[in-house]
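Participant: Take this structure first; my questions come after.
The values are calculated or read from the model by the stated rules, or taken from the named source; none is laboratory data. Quantities reported herein were computed from a predicted structural model and do not represent experimental measurements. Cβ sites come from the backbone with ideal geometry, for glycine too, and all protein chains shown count toward neighbours.
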Amino acid sequence: MVSLGLGSLGLIAIISLFMGAVVTIQTVAAIDSPLIPLYTVGFATRQSFILELAPTVMCLILSGKIGSNIASEIGTMRISEQIDALEIMGVNSASYLIFPKIIAALFTIPMIIIYSMFLGILGGWIVGAYSNNLTIDEYLYGIRWNFNMFHITYAMIKTLFFAFIITSIPAYHGYFTRGGSLEIGVSSTKSVVYSSISILIINYILTQLLLI
């Protein structure tokens, strides 16, 4: 949990803050009609982060960081015959090496995504505080306006699926690595590519099932 979760907090914090600020600035710039109230900026930032940016984009980033780490770690253990040594001692190497990573990700990644949602909205609030075109009160009203708690539930359901993908696919590629150090890099690259594609496909399926 420490290696998968705490090691990613700094990266997620920086990305979330700046993405929240950019979404807010872009939304303010896109509103060129006096008929559109400015509190829609806070509403758009909130919806963007809760529904898509935090659960999907951050998990895509985590698939690159965490996934490549898992694939490289297990792949190195495979080619250095550490996994063979575990099996000779009668240890179920797959459950010993992979299962704890999956359980840790299912606990930590949802907390990271909630953390990302908060920081993304905070980044927008900081921009609103120093912007001449938007007031803090308008932004905060937009955050509270027409809030649907199910959107948080939807994001957490997606995150649990993504957490499983982020750990299981890289672990599979690392576990079945054959060859030398060059093949570890190949397995790491494949794990990130396949994890990202799987996340996008599952994201579409879950959105179709849960929101429509």
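Participant: Only one residue in Glu81, Glu52 is acidic (Asp, Glu), out of contact with any strand residue (DSSP E or B) (no Cβ under 6 Å at 6 or more places or on another chain) and either buried (at least 18 other Cβ atoms within 10 Å of the Cβ) or closer than 23 Å to Ser116 by Cβ (or both), so which one is that?
Facilitator: Glu52
Participant: When you go through Tyr194, Tyr172 one by one, which is the residue that is touching a helix residue (DSSP H, G or I) at 6+ places or on another chain (Cβ under 7 Å), surrounded by fewer than 22 Cβ atoms within 10 Å (Cβ to Cβ) and either within 25 Å of Gly5 (Cβ to Cβ) or not acidic (Asp, Glu) (or both)?
Facilitator: Tyr194
Participant: Right, something else. Among all residue pairs at least 6 apart or on different chains, which show Cβ distances below 7 Å where the first residue, located in region 194-212, is touching a residue at least 40 places away in the same chain (Cβ under 8 Å) and farther than 25 Å from Ile70 by Cβ and the second is of a type in the set (A, V, I, L, M, F, W, C) and assigned to a helix (DSSP H, G or I)?
Facilitator: Going by the 7 Å Cβ cut-off, the qualifying pairs are Leu210/Ile157.
Participant: Quick check on my filter: what residues within region 1-30 are part of a loop (DSSP other than H, G, I, E, B) and either in contact with an Asp or Glu (Cβ under 9 Å, 6 or more places away or on another chain) or buried (at least 17 other Cβ atoms within 10 Å of the Cβ) (or both)?
Facilitator: If the condition is that a residue be part of a loop (DSSP other than H, G, I, E, B) and either in contact with an Asp or Glu (Cβ under 9 Å, 6 or more places away or on another chain) or buried (at least 17 other Cβ atoms within 10 Å of the Cβ) (or both), then Leu4, Gly5 are the ones that fit.
Participant: Then there is this: For region 36-82, which positions are among the small types (Gly, Ala, Ser) and in a helix (DSSP H, G or I)?
Facilitator: Gly42, Ala44, Ser48, Ala54, Ser63, Gly64, Gly67, Ser68, Ala71, Ser72, Gly75, listed by residue number.
Participant: Same structure, new question: Is one or more of the residues making up region 121-140 free of Cβ contacts under 8 Å to residues at least 60 places away in the same chain and among the acidic types (Asp, Glu)?
Facilitator: yes
Participant: In addition: If Phe118 passes every condition in (1) buried (at least 16 other Cβ atoms within 10 Å of the Cβ); (2) over 30 Å from Pro34 (Cβ atoms); (3) within 18 Å of the chain's Cα centre (by Cα); (4) not basic (Lys, Arg) but one, which one does it miss?
Facilitator: (1)
Participant: Here is a further query. Which number in (1) closer than 25 Å to Leu210 by Cβ; (2) among the hydrophobic types (A, V, I, L, M, F, W, C); (3) out of contact with any Leu (no Cβ under 8 Å at 6 or more places or on another chain) marks the one condition that Leu140 misses?
Facilitator: Checking Leu140 against (1) closer than 25 Å to Leu210 by Cβ; (2) among the hydrophobic types (A, V, I, L, M, F, W, C); (3) out of contact with any Leu (no Cβ under 8 Å at 6 or more places or on another chain), the one that fails is (1).
Participant: Is there any pair with a first residue in region 165-179 that is closer than 11 Å to Ile79 by Cβ and modelled with pLDDT under 90 and a second that is surrounded by fewer than 22 Cβ atoms within 10 Å (Cβ to Cβ) and of a type in the set (Phe, Trp, Tyr) whose Cβ atoms are under 8 Å apart and which are 6 or more apart or on different chains, and what are they?
Facilitator: none
Participant: May I pose another question? Determine whether Arg46 is touching a residue at least 24 places away in the same chain (Cβ under 8 Å), within 21 Å of Leu11 (Cα to Cα), charged (D, E, K, R) and crowded, with 17+ Cβ neighbours inside 10 Å.
Facilitator: Yes; evaluated as a whole, the condition is true for this residue.
Participant: Shifting gears a bit: Tally time: how many residues in region 122-145 are part of a helix (DSSP H, G or I) and not β-branched (Val, Ile, Thr)?
Facilitator: 13
Participant: Being over 20 Å from Phe164 (Cα atoms), aliphatic (A, V, I, L, M) and part of a helix (DSSP H, G or I) narrows it down to one residue among Ala105, Ala94, Ala85; which is it?
Facilitator: Sole residue among the options that is over 20 Å from Phe164 (Cα atoms), aliphatic (A, V, I, L, M) and part of a helix (DSSP H, G or I): Ala85.
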